[in-house]
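Here is the structure we will look at, set down as structure tokens.
Rule-based calculations on the coordinates, nothing more; no lab input. No experiment lies behind these values; they were computed from the predicted model shown. Cβ placement follows ideal geometry from the backbone for every residue including glycine, while neighbour counts extend to all protein chains displayed.
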Amino acid sequence: MTAKLFESALGITDPWHVASVEFDEGAKVLTVLIDFKAGSRFAVTGHDGLHGVHDTVTKTYRHLNFFQHECHLQVRTPRVKLPTGSVRLVEPDFAGRLNGFTLLFEAFILMLSGQMPFAAVSRIVGESAHRVLAVCEKYVEIACGLADHSGVTALAIDETSRARGHSYVTLAADANARRVLFVTEGRDAKTISELACYLDDHGCSPETITQASIDMSPAFIAGVTKHLPNARITFDKFHIIGHASAAVDKMRRIEQKTDKSLKGMRWTLLKDAAKLKPEAAADLDALISKMTVKRTARAWSYKEQLREILDRKQINVVRGMLEHWCTCVMRSKVEPMKDVAKMIRTHMEGIVAWAQTRQTNGFLEAINGLFQASKRKARGFTRLSTIRTVIFLIAGKLDFHAINPHAGQPT
């Protein structure tokens, strides 16, 4: 009766069966002994037919806990002799991708690892953080290898910090499906070359990429131009406004040296005016009323004008208004904003493309934020393989179900 109950609960099917169940009360460990029927023959991947048993070895697999107790499956595993004379080990259907775990246990680890640090998962499942990470790395590696990117036409590319100093990793995502496709070390033109090769290996010719949203990194621009020849480069609105906001703050800091009334107004100038509290809005109105004598007020006005221009959708109108805006800024005495005007003139076509494509890296910035939060919780990651695994668990939307029927499907 007990054996049949455990066979049903574990999903054990013919020719496997539960031989006995042992419980160590002191160690709080349940061990389920699994055997196969005498005379059974087994299939081996890559070899036709069924093959007789040559000998057996005992293998132990960690399974999901039985109530609060650790559960292990101790399996009498057959080795079969092939017609070629070689001997192969037969893996049970419930064996996981990493030696020593069942598929259900690995699916549980994957579910937890997408939500918390590996150390926390380690404490919950009672296995070392190294083993937990090894499971996740294995599944990410297999899923990435099986991934089909033939439908990808638009990319969002950005970099994120991996450690203190100038150490970065580059992320490339499907801008339509909003999932990470590729992670590599560095942020130079070589990363785009590696991305193009990766896409080509996974069913997506670099020539089929028609849109690429990037920041204004010269390396990214050169890389996309060379390795994704048909991609239209877009610099999204939020990067442009970010540069303009930085220019406003720089002007405030310069002017504050002689005008102490500007002290404490940093966030008032940088936040969306519609979301300011009444007191801050009143301070901003008072500053704007002195626009003829306050360069910081003029810098803020230029930033808001730029925001309004980039909200328009007529590409020729946007180009004309940007050219006029740049002319006005260059004639002004707001020196920090002149750098923004020069940048816009240099990258005019990519900025104007925003009016049509509306393609943004905003979701990728959000993914970067989630990764940075995970990095802080884990006190940093030292290996690129770990960083890659964490990013794919967070935002890769990988199809682990194709590898493990118990793992969740991408959403």
Report the charge-dipole magnitude of region 237-357 in Debye, nearest 20, computed about the Cα centre from +1 at each Lys and Arg Cβ and -1 at each Asp and Glu Cβ. 320
From largest to smallest, what semi-axes in whole angstrom does region 123-200 give when each is the square root of 5 times an eigenvalue of its alpha carbon gyration tensor? 26, 19, 11
Given the convex hull of the Cα atoms of region 230-304, what is a quarter of its surface area in nm²? 5.8
Computed over region 237-357, the ratio Rg/Rh where both radii use C-alpha atoms and Rh is Kirkwood: 0.98
From the Cα trace of region 1-95, what convex hull volume per residue do you get, rounded to a whole Å³? 101
If you filter region 140-178 for trypsin sites (Lys or Arg not before Pro), then keep DSSP loop positions with at most 11 other Cβ within 10 Å, what is left? Arg164
Just going by the charge dipole of region 1-96, with Lys and Arg at +1 and Asp and Glu at -1 on Cβ, which of Thr56, Val32, Gln68 is farthest out on the positive end? Thr56
Find which of Pro78, Pro218, Met265 sits farthest along the positive direction of the dipole of the chain, computed with +1 on the beta-carbon of Lys and Arg, -1 on that of Asp and Glu, about the Cα centre. Met265
Using DSSP to define loop residues, name the GluC sites (Glu not before Pro) in region 1-100 whose beta-carbon has at most 16 other beta-carbon atoms within 10 Å. Glu25
Cα long-axis angle, helix 362-377 against the chain (0 to 90 degrees, to the nearest 10): 60
For the chain, give the magnitude of the charge dipole about the Cα centre (Cβ charges: +1 Lys/Arg, -1 Asp/Glu; no others), in debye to the nearest 20. 2060
Project the alpha carbons of the chain onto their principal axes and report the range along each, largest first, in whole Å. 95, 49, 33
Met348 versus His17, label points 7 Å from Cα toward the beta carbon: distance in nm? 8.3
